[in-house]
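The values are calculated or read from the model by the stated rules, or taken from the named source; none is laboratory data. Because the structure is a prediction, the values reported are computed rather than measured. Heads up, the Cβs are rebuilt from the backbone with ideal geometry, glycines too, and the neighbour counts pull from every protein chain shown.
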Amino acid sequence: MTISRKNNFDLIRLIAAFQVLIWHGAVHFDVSEKLYDILVVLYHFPGVPIFFTISGFLISFSLERNKFQLKQYFKNRSLRIFPALWVCTMLTALLLFVFDKIGSAKDFITWFVAQITFFQFYASESLKTWGIGHPNGSLWSIAVELQFYLVLPLVLYVINLSTKKWVINLLLLIIFLLSILVKHLIHTNPFILQNELYVKLLNNTVLIYLHFFLTGIAIYKNFDLLLPFLKEKVIVWLAIYLIYILVFKFWLKLYDSNYEISIWGIVANTILSLLTLSFAFSFTDLSQKLLHENDISYGIYIYHMPIVNTMVSLGYKGSIWNLLVLAVLTSILAYLSWKLIEQRILKMKM
């Protein structure tokens, strides 16, 4: 199977990153009420599930296209994630130093090592006094993404044990249902809920979010069948999604968000995933025209929270204009990161 390189994935990731930025900015600058109507819309297009679905789709394609060459796979994934992340961590560390929020040497070193390895959700207690209470709280999803990279080869190996499409889909369904069951057990088990450490650790694992990635994998494995229903059909899928929200959330009140593991939340996220992939293959020259192959979405995502913390620490709260300043500053940093770090590093990919 081939996937056209003429698509809108860069643009979709950028929109998803800005959804996260606007949401975090509105909450931490205390302007949520002023932007209530906008946030209601953004709430139903959550950036993180969109990122996870795209990862499931594209990374599965990449791994199979390269015939499961795991050394190449892990090198390429590392080059995409770590260099910019390390620079972001050093910038965050510098800001902690400037605001005199380093804390103890042990706490700082522990936090720094966690950020540059696989535990980005971790923050030492003494570092939680800066800004909104976490040096860079949005990075928890990077840890989840890295875990997904580790489990993906196994998932693809299992579902590819058969070449029959119906068997592949059955195995995917079984894994999907198991992931939903595990998430339900984690969120309802009294032993886990009584231990704050267990809750924190498990809520930052791929176990909680695997079903988002699996949706992307399922679309990829059935892409030849689905493409005629997705290509140039983004307006149709947008209408379907909006109607679903209006009927099943606002009218019947059967679910609240796409993160839910109820059947209604799962269906909502599935439709959003199909809408995302439809957008990727509709008006396919849009991303090139607007971005000219500059993929700054990762930079937007990882840099916006250190800027939020800096602005909050300086007293910039209560004004919608703070969101504009946040967006501009983050975009500048993201563009510099793309040109000076990410774009150059990605040329090393095998």
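Residues are listed down the side, and each one gets a yes or a no for (1) buried (at least 18 other Cβ atoms within 10 Å of the Cβ); (2) in contact with a strand residue (DSSP E or B) (Cβ under 9 Å, 6 or more places away or on another chain); (3) at pLDDT below 95:
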{"position": "Asn269", "(1), (2), (3)": "yes, no, no"}
{"position": "Asp285", "(1), (2), (3)": "no, no, yes"}
{"position": "Leu290", "(1), (2), (3)": "no, no, no"}
{"position": "Ser297", "(1), (2), (3)": "yes, no, no"}
{"position": "Met305", "(1), (2), (3)": "yes, no, no"}
{"position": "Gly318", "(1), (2), (3)": "no, no, yes"}
{"position": "Leu329", "(1), (2), (3)": "no, no, no"}
{"position": "Leu336", "(1), (2), (3)": "no, no, no"}
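Among the residues of region 148-195, write down those that are β-branched (Val, Ile, Thr), farther than 20 Å from Phe57 by Cβ and touching a helix residue (DSSP H, G or I) at 6+ places or on another chain (Cβ under 6 Å). The answer is Val182, Ile186, Ile192. Candidates in region 246-261 are the residues that are among the aliphatic types (A, V, I, L, M) and at pLDDT 95 or above; of these, the one that is nearest to His187 (Cα to Cα) is Leu254.
Annotation note: Cβ proximity below 6 Å between a residue of region 230-257 that is farther than 24 Å from Val48 by Cβ and free of Cβ contacts under 8 Å to residues at least 60 places away in the same chain and a residue that is crowded, with 16+ Cβ neighbours inside 10 Å and small (Gly, Ala, Ser) (sequence gap 6+ or interchain) occurs for Glu232/Ser282; Lys233/Ser278.
Scanning region 144-202 for residues that are under 25 Å from Gln69 (Cα atoms), hydroxyl-bearing (Ser, Thr, Tyr) and surrounded by fewer than 14 Cβ atoms within 10 Å (Cβ to Cβ) gives Tyr157, Ser162, Thr163. Being modelled with pLDDT of 95 or more, among the hydroxyl-bearing types (Ser, Thr, Tyr) and within 20 Å of Thr205 (Cβ to Cβ) is the requirement here; does Tyr157 meet it? Spelling it out, it is not the case that Tyr157 is modelled with pLDDT of 95 or more, among the hydroxyl-bearing types (Ser, Thr, Tyr) and within 20 Å of Thr205 (Cβ to Cβ). Restricting the first member to region 65-77 and to residues that are under 17 Å from Val158 (Cβ atoms), and the second to residues that are in a loop (DSSP other than H, G, I, E, B), the beta-carbon pairs closer than 9 Å and six or more apart or on different chains are Tyr73/Asn66. Filtering region 307-316 to residues that are part of a helix (DSSP H, G or I) and surrounded by fewer than 18 Cβ atoms within 10 Å (Cβ to Cβ) leaves only Ser313.
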